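The structure under discussion appears below in the form of structure tokens.
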Amino acid sequence: HVQLVESGGGSAQTGGSLTLSCAASGMTYTDYCMAWFRRAPGQTREGVAAISGDGLIDYADSVKGRFTISRDNAKNFVVLQMNNLKPEDTAMYYCAADLVTDVPGLVESQYYYWGQGTQVTVS
């Protein structure tokens, strides 16, 4: 019923920018948290950024000051703007939705719904 679809992944040069978007469908609640996670090859999945229904935001230290998360509740649309990209940002990026805890968090177990992922490669 709930579907999250990411787009915007691709290749970028070091110092460049990419914009990821997540379109959510099948979600009628507006007081939910949305988040972006990423997983590099051979690594565990880590939280990147999260935003609550009220606009409260949490960022991982590794992306703070470089990435920006935003949402349009009317459209159920979440965006991750990634600037000043580094090779270590290379990973599969996933969109996630909570629907239960309206507090932004970067712990994977908080989230119940996940997108298919979109690849970001920085070199």
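The values are calculated or read from the model by the stated rules, or taken from the named source; none is laboratory data. Just so we're clear, the structure is a prediction, and the values are computed from it rather than from any experiment. Positions of Cβ are backbone-derived with ideal geometry, glycine not excepted, and every protein chain shown enters the neighbour counts. Remember, those area values only see protein heavy atoms, side chains included, never the ligands or the DNA or RNA. Shrake-Rupley method; radii C 1.70, N 1.55, O 1.52, S 1.80 Å.
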| message | Per residue of region 97-112, what does 6.51 cos²θ - 1.76 cosθ + 1.60 with θ = phi - 60° give for ³J(HN,Hα)? Whole Hz please, x for Gly and Pro, Karplus curve as stated. | response | 10, 8, 6, 10, 9, 8, 9, x, x, 10, 9, 4, 5, 5, 9, 10
| What chymotrypsin sites (Phe, Trp or Tyr not before Pro) does region 1-59 have in DSSP loop regions with at most 16 other beta carbons within 10 Å? | 29
| task | Compute the signed sum of charges (Lys and Arg +1, Asp and Glu -1) over the other residues within less than 14 Å, Cβ to Cβ, of residue 84. | result | +1
| task | Return the sequence-ordered ³J(HN,Hα) values of region 47-55 in whole Hz as given by the Karplus equation 6.51 cos²θ - 1.76 cosθ + 1.60 applied to θ = phi - 60°, using x for Gly and Pro. | result | x, 10, 7, 9, 9, 8, x, 8, x
| query | If we count every other residue with Cβ under 11 angstrom of residue 62's Cβ, Lys/Arg +1 and Asp/Glu -1, where does the sum land? | reply | 0
| Neighbour-limited loop hits for trypsin sites (Lys or Arg not before Pro), region 56-123 (at most 15 other Cβ within 10 Å; DSSP other than H, G, I, E, B) | 64, 66, 75
| query | Gain in length, residue 84 to residue 46, computed as 0.36 nm per residue apart minus the alpha-carbon separation, to one decimal in nm? | reply | 11.8 nm
| query | Among 58, 89, what's the order by accessible area (1.4 angstrom probe), most exposed first? | reply | 58, 89
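Set the Förster distance to 22 Å, then compute FRET efficiency between residue 119 and residue 1 from the Cβ-Cβ distance, nearest 0.05.
0.25
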| query | Which Cα, out of 22, 32, 55, lies furthest along the positive dipole direction of the chain (beta carbon charges, K/R +1, D/E -1)? | reply | 22
| request: Could you pull out every Cys in the chain that lacks a partner Cys with its beta carbon under 4.7 Å away? | output: 33
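According to the square roots a ≥ b ≥ c of the eigenvalues of the Cα gyration tensor, what is the shape class of region 8-71, taking rounded for a/c under 1.5, prolate for a/b larger than b/c otherwise, and oblate for the remainder? Don't jump to the answer; show the numbers that get you there.
Details: a/c = 1.70, a/b = 1.61, b/c = 1.05.
Prolate.
Can you give the net charge of the other residues whose Cβ lies under 9 Å from the Cβ of residue 47, counting K and R as +1 and D and E as -1?
Residues near residue 47 contribute -1 overall.
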| Cα shape, region 68-113, gyration tensor, a/c 1.5 rule | oblate
| task | Give the ranking of 103, 48, 5 by solvent-accessible surface, highest area first, calculated with a 1.4 Å probe. | result | 103, 5, 48
